[in-house]
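Trainee: For reference, the structure I am asking about is given below.
No value in this document is a laboratory result; all are computed from the given coordinates. The shown structure was predicted, so the numbers you read here are calculated from the model rather than taken from an experiment. Note: ideal-geometry Cβ built from the backbone for every residue, glycine included; neighbour counts use all protein chains shown.
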Amino acid sequence: MLRLEERPAPPPAEDALAQRAALLEARYGDLPAQEVMELVLREGIAGRVALVSSFGAESAVLLHMAAAADPATPVIFLDTHKHFPETLSYRDELAARLGLTDVRSVAPDRGRLAVADPEGRLFASDPDLCCHIRKVEPLARALAGFAAWITGRKRFQAHTRRRLTVFESDGAHIKINPLASWTAGMIADYLRTHDLPRHPLTRQGYLSIGCLPCTDRIAGAQDARAGRWPGRDKTECGIHLVNGRSVRARLEAEPDPDGPLWKAGAFQRDVFTPAGDAGELPAGPVIVSKARWLAERANLAGRNAPVGLLLAAGERIDDLAADLSRFDLIALDFPKFSDGRAFSTARLLREKHGFTGELRAVGNVLSDQIAFMRRVGFDAFEVSHAPSRRALAAGRVPEVTLHYQPATRPEPPAGTRPWLRRAPD
Ligand code: SF4
């Protein structure tokens with residue numbers, strides 16, 4: 001018998017996943033795509049699985065197979081907010097036609113976009129980061145709870161995919177590529193045989209369709225994916241990169257020592273622009289009054305940029321409860337030091353309505369108040385009072401450790417507050 005120290009160490013989780021993928025490949029990798037789909041979706045050979053689809057040029061094949069095996073298959077579509085309108089229409093039409101009942105359009109985090117891509121032009125200056133925010137991060141969130149995901153990748157699409165296997169590991173999931181060995185001819189035959197509609201842009205010469213700013217028609221004998229990120233040294237969006245070129249996640253806040261916004265311990269550049277109650281909205285993230293939100297709700301909600309809400313002291317919030325998830329931040333005004341109404345509104349937002357966006361204190365904000373404001377849920381502060389600014393810049397933020405009343409933050413131990421009022425467990 002091996003002594004404990006002589007036993008081989010168990011493989012790390014990543015290695016175990018790679019071994020499992022290799023086993024699945026050895027056992028099922030040569031099966032026809034339809035059989036792989038049935039084994040994966042009906043028999044669960046890879047665990048809980050989702051299909052990730054771009055609803056692109058050839059997506060109908062795999063979606064058709066998924067619908068045949070199980071119409072309730074979770075289908076994840078990464079809605080980058082940069083797609084061709086034709087893609088969004090095609091997604092809806094195809095899903096309805098195939099009877100797919102669980103198509104999930106997953107959007108990028110609006111807060112991340114507000115910081116890193118407020119103008120929506122990051123694709124031009126840093127496409128890796130743009131893809132990371134608009135695709136990689138949303139996919140990671142969407143795949144939480146799934147053991148495996150299915151992709152439509154094929155070897156013929158690009159020289160970078162020539163060694164693609166049906167089963168592989170991405171380090172965290174089993175990845176399944178049932179069409180790995182398919183050719184363009186097989187795709188065309190399948191679409192024809194099953195009378196499946198192609199993406200409308202294929203008629204205009206687009207053979208691989210991604211986001212509008214990063215997709216072009218291709219000419220001659222180029223790879224089908226040659227029209228993606230034309231003119232750039234970029235071939236993948238990042239959701240399929242593990243050991244390849246790394247993608248970056250540089251979202252540090254930009255410092256702005258002269259600006260009023262103090263957040264996470266530093267003065268930062270404010271990406272939001274206050275909009276007046278009328279007139280043209282500024283580009284990028286805006287902050288609007290309640291009156292303007294109510295007057296222009298449809299237009300504002302449809303904007304492809306974050307929206308913040310400014311509430312005057314005492315303005316009601318309950319009548320906006322259904323809209324709160326649309327706001328990336330809510331700014332509450334303190335018209336004077338002695339006006340505490342915004343404290344109550346902040347607690348209502350955090351505790352009653354579960355608002356999780358940025359809660360910003362604006363108006364007459366002094367450094368002495370910040371500890372109390374934090375207790376009721378504020379996490380950003382506009383500070384123009386000069387002595388307060390100097391104190392904050394120097395890292396002097398008064399802390400108050402003992403409290404009479406419960407609040408939204410973790411409570412000090414019982415016995416440290418004379419009235420012993422307790423926050424509900
Ligand atoms: S494909 Fe282009 S627009 Fe779409 S996420 Fe990537 S860089 Fe951004």
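Trainee: Assign unit charges at the C-beta atoms only (+1 for Lys and Arg, -1 for Asp and Glu), then state the dipole size of segment 4-227 relative to its Cα centre in Debye, rounded to the nearest 20. Write down the numbers at each step before the final one.
Mentor: Values: 27 positive and 28 negative charges, 92 e Å.
Dipole of segment 4-227, to the nearest 20 debye: 440 debye.
Trainee: Using the Cα gyration tensor of segment 4-227, with a ≥ b ≥ c the square roots of its eigenvalues, what is the shape: rounded (a/c below 1.5), prolate (a/b larger than b/c) or oblate (neither)?
Mentor: Details: a/c = 1.61, a/b = 1.21, b/c = 1.33.
Judged from the Cα gyration tensor, segment 4-227 comes out oblate (a/c at least 1.5, b/c at or above a/b).
Trainee: Where both residues lie in segment 261-393, what percent of DSSP beta bridges are antiparallel, nearest 5? Please report the intermediate quantities before stating the final value.
Mentor: Working: 5 of 23 bridges.
So the antiparallel bridges amount to about 20 percent of the total.
Trainee: State to the nearest 20 debye the size of the charge dipole of segment 71-159 about its Cα centre, where the only charges are +1 on K and R beta carbons and -1 on D and E beta carbons. Please list the in-between numbers first.
Mentor: Working: 13 positive and 11 negative charges, 60 e Å.
So the magnitude is around 280 debye.
Trainee: Under the definition of Cα pairs under 8 Å and six or more residues apart, what whole-number percent is the relative contact order of segment 261-393? Don't skip to the end; give the middle numbers.
Mentor: Values: 214 pairs, mean separation 28.6, N = 133.
Answer for segment 261-393 is 21 percent.
Trainee: Here's a follow-up. Using a/c under 1.5 as the rounded threshold, could you call segment 146-197 rounded, prolate or oblate? The axes a ≥ b ≥ c are square roots of the C-alpha gyration tensor eigenvalues, and prolate needs a/b larger than b/c, oblate otherwise. Display every interim value, and only then the final one.
Mentor: Values: a/c = 3.47, a/b = 1.63, b/c = 2.13.
Oblate.
Trainee: For Cα pairs less than 8 Å apart in space and 6+ apart in sequence, what is the mean separation divided by the residue count of segment 91-220, i.e. the relative contact order in percent?
Mentor: Contact order relative to length: 16 percent.
Trainee: Give me the percent relative contact order of segment 4-227, please, defined on Cα pairs under 8 angstrom at least 6 residues apart.
Mentor: Working: 332 pairs, mean separation 57.2, N = 224.
Relative contact order, segment 4-227: 26 percent.
Trainee: Label segment 327-379 by shape, choosing from rounded, prolate and oblate, from the square roots a ≥ b ≥ c of the eigenvalues of the Cα gyration tensor; if a/c is under 1.5 it is rounded, and otherwise prolate applies when a/b is larger than b/c, oblate when it is not.
Mentor: prolate
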